[in-house]
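The values are calculated or read from the model by the stated rules, or taken from the named source; none is laboratory data. If you're wondering where the values come from, they're calculated on a predicted model, not measured in any experiment. All Cβ positions, even for glycine, are placed from backbone atoms using ideal geometry, and neighbour counts span all protein chains on display.
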């Protein structure tokens, strides 16, 4: 009965979190107006050097963009008159022209020419050079589009990886572009032009070639129904539920290059959401109108990171609760009234700075404390609290040793046969923490940092290192070594106690 009541309270608490987090403005769902980044799939195919729909040992690559540079200018004529030709290094600049103010009368005299002959020769050189420059400029304008694409993707990659950003963003590949003129109670008529399905993607940089690769992340695709739901379109809830189920039940991964992977959901939504809805089997981006139109158009889109993933995680958690799963003790504490009885807390004593020198404690009655890094009494207190309770909140300004303390606690837990999961708002903090783990045990830490591709490589390397260490382990010798070290620690602690007592 208590568990059922706790489950009900927790479900209501999660519902409250979702309601407080809802803030959908349908005016923001115009994909082609994104100020962060946007390219339709048809536009991407027009860039020189860009490759689409590839595969390698790490999986699909939906976009590969090389780092291009402008080609050098065509060589000027090998003559002293070359300095009299004005040439722009900007492909969109003015064509080559004669700079007659640079000509000196002695130069003409030196060449044995009159001014008229000098001007005629210069005009002839410019006329011969201009077609070469025009051809060069035309090629560079095409290259500049790829250079600009590379620059924008690199900026998105940087912003996505920055930890302390006020406006986090994400990059998604949208499929099944939809358009409609929605009617909102507060904002009136709202133009809607957005993909029905999005797949989160990641950007990786090849350290050797400096090529940018865009790959799908190892997360499920998302049905984008927020704007439609916020305008209270009839049957939107039923259509969304059924379409989401179709997406989840699909046995193939969605791909913007394989319309068959997302077209069934697009057709279903187009036919069920509106009596005038229709699916257009083209790759075009539909214009906004009174009719609901869905096409096979796809777009690579940068957008503010939505909080809807939080909603989806919460809904999955609610499903687990409703299915009767037992609540973990830490979760149960959130919805369990505190006891009226004072808790009976058994003191925890560690060797060293945990009060071992106090009267009544002996080295043999204390627990081992495996802190490889320097520590103080405050850090030991944190571990003592963790041994007695389900959780401890540690707060402190930057530079006070929080990461240092966490590294010590991780090592202590690993030494006592426990598992530790560490999460952080951003990757830099996790990388710093991992660097603080002593090298002797760092290989025991399995890191899932960076994107899915790099994360899996680190994961594989960690597993291989752990497997190697296990196969090289000699249990009998290791146990003997542990016993000898434990005896040495006990003698050292006894000497320390005696020193403290004296």
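Results, tabulated for the structure shown:
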{"item": "Residue 24 being part of a loop (DSSP other than H, G, I, E, B), under 30 Å from residue 232 (Cβ atoms) and modelled with pLDDT under 90", "result": "yes"}
{"item": "Test: residue in the stretch 451-466 that is outside any helix (DSSP H, G or I) and either without any contact (Cβ under 8 Å) to a residue 24 or more places away in the chain or closer than 30 Å to residue 159 by Cβ (or both)", "result": "yes"}
{"item": "Any chance residue 225 is under 29 Å from the mean Cα position of the chain (by Cα), in the same structural domain as residue 50 (by TED's automatic domain parsing), closer than 30 Å to residue 45 by Cα and free of Cβ contacts under 8 Å to residues at least 60 places away in the same chain", "result": "yes"}
{"item": "Enumeration of residues in the stretch 370-411 that are assigned to a loop (DSSP other than H, G, I, E, B) and in contact (Cβ under 8 Å) with a residue 40 or more places away in the chain", "result": "370, 371, 372, 373, 390, 391"}
{"item": "Unmet requirement for residue 389, which otherwise passes all of (1) exposed (fewer than 15 other Cβ atoms within 10 Å of the Cβ); (2) modelled with pLDDT of 85 or more", "result": "(2)"}
{"item": "Index of the failed condition, residue 174 passing every other in (1) within 30 Å of residue 295 (Cβ to Cβ); (2) not assigned by TED's automatic domain parsing to the domain that holds residue 211", "result": "(2)"}
{"item": "Flag if residue 489 is at pLDDT 85 or above and more than 29 Å from residue 212 (Cα to Cα)", "result": "no"}
{"item": "Odd one out for residue 294 among (1) part of a strand (DSSP E or B); (2) farther than 18 Å from residue 169 by Cα; (3) without any contact (Cβ under 8 Å) to a residue 40 or more places away in the chain", "result": "(3)"}
{"item": "Residue among 240, 185 that alone is within 25 Å of residue 32 (Cβ to Cβ) and either over 22 Å from the mean Cα position of the chain (by Cα) or surrounded by 14 or more Cβ atoms within 10 Å (Cβ to Cβ) (or both)", "result": "240"}
{"item": "Subset of the stretch 193-224 (residues that are touching a helix residue (DSSP H, G or I) at 6+ places or on another chain (Cβ under 8 Å), part of a loop (DSSP other than H, G, I, E, B) and surrounded by fewer than 20 Cβ atoms within 10 Å (Cβ to Cβ))", "result": "217, 218, 220"}
{"item": "One residue from 227, 243, 178 being at pLDDT 90 or above, closer than 16 Å to residue 274 by Cβ and outside any strand (DSSP E or B)", "result": "243"}
{"item": "Condition check for residue 261: closer than 20 Å to residue 32 by Cβ and surrounded by 15 or more Cβ atoms within 10 Å (Cβ to Cβ)", "result": "no"}
{"item": "Condition met for residue 182 (touching a helix residue (DSSP H, G or I) at 6+ places or on another chain (Cβ under 7 Å), in contact (Cβ under 8 Å) with a residue 12 or more places away in the chain, closer than 20 Å to residue 297 by Cβ and in the same structural domain as residue 298 (by TED's automatic domain parsing))", "result": "yes"}
{"item": "Any chance residue 410 is at pLDDT 90 or above, closer than 20 Å to residue 372 by Cβ and within 25 Å of the chain's Cα centre (by Cα)", "result": "no"}
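Okay, residues lined up against (1) closer than 30 Å to residue 94 by Cβ; (2) assigned to a loop (DSSP other than H, G, I, E, B); (3) modelled with pLDDT of 95 or more:
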site: 35; (1), (2), (3): no, yes, no
site: 38; (1), (2), (3): no, no, no
site: 46; (1), (2), (3): yes, yes, no
site: 52; (1), (2), (3): no, no, yes
site: 55; (1), (2), (3): no, no, no
site: 69; (1), (2), (3): yes, yes, no
site: 75; (1), (2), (3): yes, yes, no
